[in-house]
Amino acid sequence: MFCDVCKSKEATVFLTQIVEGKMQKVNLCEGCSKEKGVNDPTGFALADLLLGLGAAQEIDKNPAGNRCPVCGFSQADFKKTGRLGCSACYDAFAEGLSGMLKNMHRGSVHTGKVPAKLRVGRLRNKELSELQASLQKAVQEEQFEEAATLRDRIRKLEEESYAETALTQESTEVNRIAAVAQSSASSVIAEADEASKKLGVPKPRKNS
Amino acid sequence: MKLSRIIANTGEWLSGSGPHDQIVVSSRVRLARNLKGKPFPGWAKKAERVAVLEEVRTAVEQLPEMEESFSEKLDDLSALEKQVLVERHLISREHAAKGAGSAVVMNTAQTLSFMINEEDHLRMQAIRAGLQLDQVFAMINQADSELEDSLDFAFHNDLGYLTACPTNVGTGMRASAMMHLPGLVMSEQVNKIINSVNKIGLAVRGLHGEGTEAMGNLFQVSNQTTLGETEEEIIGRLNKVIFQILEHEQNARQILLQQRAETLLDQIGRAYGILCHAHSITSKEALNLLSFIKMGVDLGLFPSNNRLHVDELFIETQPAHLQKGLQVTKLGAEERDSLRAALIRAKLKQMPEPEIGKIPTNGSTTTSNTSETSEES
């Protein structure tokens, strides 16, 4: 039997893996098995990974660096303790962690509770991006009256967002998203302004 | 309030009642939270841990539900006091091992407890008797929402609540029920159940959680995963499985009654005999025998007003509880074993012998009707 990878040498390493109830068999020669890292004499890397213990090997893949820039935690520390150093480690080691989290949990995105402070920001961002999409569509379809209304609502939301950021220290992540949303919105708004000028649609009404 | 005053009373989860509390001893939900921008306790320097402790402890003590509470730094508690809290499931074994920079805050009813600087900055739990995961979740969820006003928790847009261990990320929630399953153990079905529960992403563990032995036929069923589902979905899934296990346990007891009544009576009778007359007994043996007595109460072999005595013995015979009333230095294992035997003898004195006539023996008229009435719902 030949190696599944190089297809030239005799396979000596047989790997059987059960993935979501289906059995997968891989036959490798010694050279290829070393290259793929399946010749680990302890042989438990796979099982460890599935059980969430071998995270250290996963993190090894992270090319960005071996340490968290915020707390200085290293992948070796993780290997030793199975715990991370600080919340920023989740971003620092994101690449390696994502595969591990996928194996460990039933999904990769949190769908549960959100702290109230962040809930408003998250909802507003969602609304903003929806409004922007509608605005773009309205401009394309030359529905300028509607575009003007949408533009006003976007401006109002943005003002709220600014006011709140000044008051409370929102999470940097939320701010970053808001900033991206705003910059993309302003170009669309400029476009809408331009178009409404041409057609003589009145400027935003204060009492609307 | 002093700890001795709190532990003089058994907690609500032991003395109180709740749905299906014959088989589901208690329900518990814990949430893991960390402060934004602060290193996790395991990686933080002592000064950082102390600063987090002060901030979190102040916030927790000000919660309206913690008006009557006990709050103490772990290095101000004796080893024995910490062990008492572990035996009552109010702090974890890991937390008990912590010294400077860690603390515990709990209410007097012992339904809410907050571990500060365990593996995460804050681990808070609600525990009550019987099967009521929804209610305990509501309790702890409210405390969490109230704490948000004064504490900024580390939260990631995609990953949710961030925790020191990636196995808790997302909801940071571990919901569990402690189940008493002597029927499934006796009929050798429990391993089958454990395996099938493990396959669907839930865990079955021993008395004190991860890595502990199942003693006294007590098992903890809990969720394994925390990311990708809402808190309600996780609890819903867990509830369904707990109900199934509950049903299997009831069925197993019925089948034992109908097909192996002699064995069952023999086990209960022997347990009663040993417990009433032993002069030295280890905590493991005591728990395993008490489990049969507890089942005997469920089956009506003992008067039901003995239930609390038996349930209390599960906790009172644990090593630290045995010694808590005594003003002595740590007892040796042998001294504990004889003290334990004396305590059990004294408590069981009030309890009459099992009434064999109360259950239908092998081959007699075991209609489904009588078996249903003996199995209290």
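The Cα-based radius of gyration of chain B, divided by its Kirkwood radius, gives an Rg/Rh of 0.99.
In order along the range B:266-274, the Karplus-derived 3J(HN,Hα) couplings, from 6.51 cos²θ - 1.76 cosθ + 1.60 at θ = phi - 60°, round to 4, 4, 5, x, 5, 4, 4, x, 5 Hz, and Gly and Pro are given as x. Looking at the range B:139-198, the GluC sites (Glu not before Pro) that sit in a DSSP loop and have at most 10 other Cβ atoms within 10 Å of their own Cβ are B:188. Pairs B:192/B:324; A:113/B:82; B:45/B:284; B:2/B:330; B:73/B:324; A:80/A:126: which are spaced more than 29 Å apart, C-alpha to C-alpha? Too far apart for the 29 Å limit: B:192/B:324; A:113/B:82; B:45/B:284; A:80/A:126. Centroid-to-centroid, using Cα positions, the range B:101-147 and the range B:150-183 are 12 Å apart. Per-residue 3J(HN,Hα) values for the range B:214-222, derived from phi via the Karplus relation 6.51 cos²θ - 1.76 cosθ + 1.60 with θ = phi - 60°, read 7, 10, x, 6, 9, 9, 9, 9, 8 Hz in sequence order (x marks Gly and Pro). Pop the C-beta distance of residue A:122 and residue A:194 into the FRET formula with R0 = 30 Å and round what comes out to the nearest 0.05. It comes out at approximately 0.45. Equivalent-ellipsoid semi-axes for the range B:39-86 (Cα gyration tensor, √(5λ), whole Å, largest first): 20, 18, 8.
Relative to the dominant Cα principal axis of chain B, helix B:333-348 is inclined by about 60°. The alpha-carbon atoms of the range B:266-332, seen along their principal axes, cover 41, 21, 16 angstrom, with the largest extent given first.
Close amide H partners of residue B:35, meaning residues 5 or more places away or on another chain with modelled amide H under 5 Å apart, are B:121, B:154. Estimated from helical segments only, the mean residue ellipticity of chain B at 222 nm is -14000 deg cm²/dmol, where each DSSP H run of four or more residues counts as -39500 (n - 2.57).
Using a simple spin-label model with pseudo-atoms 7 Å out from Cα toward Cβ, residue B:333 and residue B:356 lie 3.7 nm apart. Ordered from longest to shortest, the equivalent ellipsoid semi-axes for the range B:24-157 are 22, 19, 13 Å, each the square root of 5 times a Cα gyration tensor eigenvalue. Averaged over the residues of peptide B:36-45, the number of Cβ atoms from other protein chains lying within 10 Å of each residue's Cβ is 6. Assuming 0.36 nm per residue, please report the length gained on full extension of the stretch residue B:276 to residue B:97 beyond their Cα-Cα distance. That pair, residue B:276 and residue B:97, stretches by 60.9 nm at full extension.
Label separation (residue A:98 vs residue B:345): 6.7 nm, computed from points 7 Å beyond Cα along the C-beta direction. Ordered by the count of other Cβ atoms within 10 Å of each Cβ, fewest first, B:116, B:268, B:194 give B:194, B:268, B:116. For the range B:1-85, the Kirkwood estimate of hydrodynamic radius, built from reciprocal distances between every pair of different alpha carbons, is 15.9 Å. When restricted to Cα atoms, the range B:189-284 yields an Rg and a Dmax of 17.1, 53 Å, respectively.
Maximal additional length on extending the residue B:134-residue B:308 stretch stands at 60.2 nm, based on 0.36 nm per residue less the C-alpha distance.
In order along the range A:93-109, the Karplus-derived 3J(HN,Hα) couplings, from 6.51 cos²θ - 1.76 cosθ + 1.60 at θ = phi - 60°, round to 10, 3, 4, x, 6, 4, x, 5, 5, 4, 6, 7, 10, 8, x, 10, 10 Hz, and Gly and Pro are given as x.
FYI, it's all coordinate maths here, none of it is from the lab. Please read all numbers here as calculations on a predicted model, not as lab measurements. Counting neighbours? That spans all protein chains shown, and the Cβs are built from the backbone with ideal geometry, glycine included.
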